[in-house]
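Engineer: Can you read through this structure? Questions will come right after.
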Amino acid sequence: MKKFIVAALLGIFVGAGITAFAHEGEGGKHKHPNLQAAMEMIHHASKRIDAAQKANEFDLGGHAQKAKDLLAQAENELKAAGVKASEDEDEDKKDSDEDKDDDHDSGQR
């Protein structure tokens, strides 16, 4: 059963990578759709681990809980990545707006 859980988690993470690339370029309601897709997959993986724990009466040697802890860590890292990406986009927009203002000012002299 432990091998099944490890294989399932690996499949989920590989699927997350493939799905993240598949969403690239799609407009969506989320500012960072790839990060959002990864977060959704983490939530799905956590629910599947919960189900595995219940099905095995929580007798998985602590490995399932460790996997859930690592998923929580991955979720926190994705949140931080989203914040950083938003900050970078805001900075790029600010720089672009300043360049436009400079171009406009130099044309009036």
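Engineer: Looking at the structure I just gave you, is Lys93 modelled with pLDDT under 95, surrounded by 10 or more Cβ atoms within 10 Å (Cβ to Cβ), of a type in the set (D, E, K, R) and not in a helix (DSSP H, G or I)?
Structural biologist: For Lys93, the condition - modelled with pLDDT under 95, surrounded by 10 or more Cβ atoms within 10 Å (Cβ to Cβ), of a type in the set (D, E, K, R) and not in a helix (DSSP H, G or I) - is not met.
Engineer: I've got another one for you. Take the residues in segment 49-88 that are without any contact (Cβ under 8 Å) to a residue 24 or more places away in the chain and of a type in the set (Asp, Glu), then tell me which one is surrounded by the fewest Cβ atoms within 10 Å (Cβ to Cβ).
Structural biologist: The extreme case among them is Glu57.
Engineer: Could you tell me whether Ser46 is at pLDDT below 90 and among the polar types (S, T, N, Q)?
Structural biologist: Spelling it out, it is not the case that Ser46 is at pLDDT below 90 and among the polar types (S, T, N, Q).
The values are calculated or read from the model by the stated rules, or taken from the named source; none is laboratory data. None of the values given here were measured: they were computed from a predicted structure. Counting neighbours? That spans all protein chains shown, and the Cβs are built from the backbone with ideal geometry, glycine included.
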